[in-house]
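No value in this document is a laboratory result; all are computed from the given coordinates. Fair warning: this is a prediction, and the values are worked out from it, not measured in the lab. Note: ideal-geometry Cβ built from the backbone for every residue, glycine included; neighbour counts use all protein chains shown.
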């Protein structure tokens, strides 16, 4: 019996053990929004047939996929992603696979975000590297006021506890649900802004981590909804307070060793780490389109709210785009602080990896670290120090992407063109609308 047959038998045994009636086959669109088809398991060989032959679906109505004239695509489940869904009823449990997307001729679909990341990881793997990622997605618990407007669910601040933090019991339920899905939860706490929460899970290889980010957001939304509350991963839902980021902690391992660590240098960072930083800095403007992909993202990336605006790196410096936390050895990592929870993690991790590898390939030096508080300086003072700024709008970001061949190649022509056209249309829709702010300010002109 083959290894694949063993895996199929193991999954079928688990389905029988859980007495599962329904199986979800999940994938994501170009935005990272989870989509799924649910199959009723009427006889034992139903699941085995889908695993071996795939599941056809119409890709023409999925953002960034295919046109109506060539709409048939196929889902093939990744058996390693099998799990139950903790927010579904216990009786007749619903189980789930995360799937890869293929053409009907058996070739990988070039518009599948998961496939984009797998392609980038193969580049690293061919060099002997494992790319690890540890993300920190923040989110808000929200409520409504007497006028029906969304507001933060509490007035708590950083590390506050009950009764100020209204999310203590909610976080407990979320963590228990995530642990059912084999998440290794490290820490949870109230964040800086009212209503803002953070739950951190342990880093892993980038593909597992991207899968985990999608599951993390989906689980939190579903469990919180079951509890009668609402949650948002919107980057900047409220004016005048911090927005939500998804800091991305990156490391490269080879033969079980973290190659970013070198105990013999003054900083204990290796030359490879410095070049990787150089690559991330060089491509940071184009990366912004993928890491901060919404119009709302750029309302977070402004001075004064702990979100990066300046293209620089520092050690323990939270005012720069890239930060090198104090941990060394296996924990040596490069933290990118501009990403937010609206990004598609498959695309985000792919472009971060290939930008860093470009730095290593071309020996791009990052220059001297920035160790002062960049937020305390004026724009003119920042410019005088030779520090450039991140894009201030989605328009700037996608035009920066247009000029960056490394980041475009990481996405592939198909995803790049789909993404670019979608974002261009999004910006055009935004710039032609008239908002209440404008009416309040200009109506009496």
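What ranking do 62, 101 get, fewest neighbouring Cβ atoms within 10 angstrom at the top?
Numbers: 62 19, 101 24.
Fewest-to-most Cβ neighbours within 10 Å comes out as 62, 101.
Give me the mean projected area, in nm² to one decimal, of the convex hull enclosing the Cα positions of the range 63-221.
Numbers: hull surface 54.1 nm².
Computed as one quarter of the Cα hull surface, the answer is 13.5 nm².
In whole angstrom, note down how far apart the Cα centers of the range 193-238 and the range 374-420 are.
Measuring centre to centre over Cα atoms gives 26 Å.
Restricting to Cα pairs below 8 Å that are 6+ residues apart, what does the relative contact order work out to for the chain? Please round to a whole percent. Numbers along the way, then the final one.
Working: 863 pairs, mean separation 64.5, N = 445.
This gives 14 percent for the chain.
Hey, can you rank 346-359, 20-33 by average C-beta count inside 10 Å, highest first? List each step's numbers first, then the result.
Numbers: 346-359: 26.6, 20-33: 19.9.
Per-residue mean Cβ counts within 10 Å order the peptides as 346-359, 20-33.
Using helices alone, what [θ] at 222 nm do you get for the chain, with -39,500 (n - 2.57) per DSSP H run of 4 or more residues, divided over all residues and rounded to the nearest 500?
About -11000 deg cm²/dmol.
How would the range 4-150 be classified by its alpha-carbon gyration tensor: rounded, prolate or oblate, with rounded meaning a/c under 1.5 and the a/b versus b/c comparison settling the rest? Don't skip to the end; give the middle numbers.
On the way: a/c = 1.38, a/b = 1.09, b/c = 1.27.
It comes out rounded by the Cα gyration axes.
How far, in nm, would the chain grow between residue 371 and residue 42 when pulled straight, counting 0.36 nm per residue and subtracting the alpha carbon separation? If you can, show how the numbers build up before the last one.
Numbers: separation 329, 0.36 × 329 = 118.44 nm, distance 6.23 nm.
So the extension gain works out to 112.2 nm.
Can you give me the relative contact order of the range 3-109 as a percent, contacts being Cα pairs under 8 Å and 6 or more apart? Don't skip to the end; give the middle numbers.
Numbers: 176 pairs, mean separation 31.4, N = 107.
Reported relative contact order: 29 percent.
Just to be sure I understand the model, the point goes 7 Å from the Cα along the line to the Cβ. What's the resulting residue 239 to residue 173 distance in nm?
3.3 nm
For the range 431-445 and the range 260-313, what is the separation of their C-alpha centers, rounded to whole Å?
About 35 Å separates the Cα centre of the range 431-445 from the one of the range 260-313.
At 0.36 nm per residue, and after removing the present C-alpha to C-alpha distance, how many nm does the segment from residue 69 to residue 208 gain when stretched out fully?
Details: separation 139, 0.36 × 139 = 50.04 nm, distance 3.36 nm.
Length difference between fully extended and current span is 46.7 nm.
Roughly speaking, what is the stretch gain from residue 330 to residue 429, that is 0.36 nm per residue apart minus the C-alpha to C-alpha distance, in nm to one decimal?
Values: separation 99, 0.36 × 99 = 35.64 nm, distance 4.59 nm.
Roughly 31.0 nm would be gained on extension.
Please arrange 288, 80 by counting, for each residue, the other beta carbons lying within 10 Å of its beta carbon, fewest first.
Values: 288 28, 80 12.
Ascending number of Cβ neighbours within 10 Å: 80, 288.
Based on other C-beta atoms within 10 Å, arrange 173, 335, 365 from fewest to most. Kindly include the intermediate steps, with their values, before the conclusion.
Numbers: 173 16, 335 19, 365 12.
Neighbour counts put them in this order, fewest first: 365, 173, 335.
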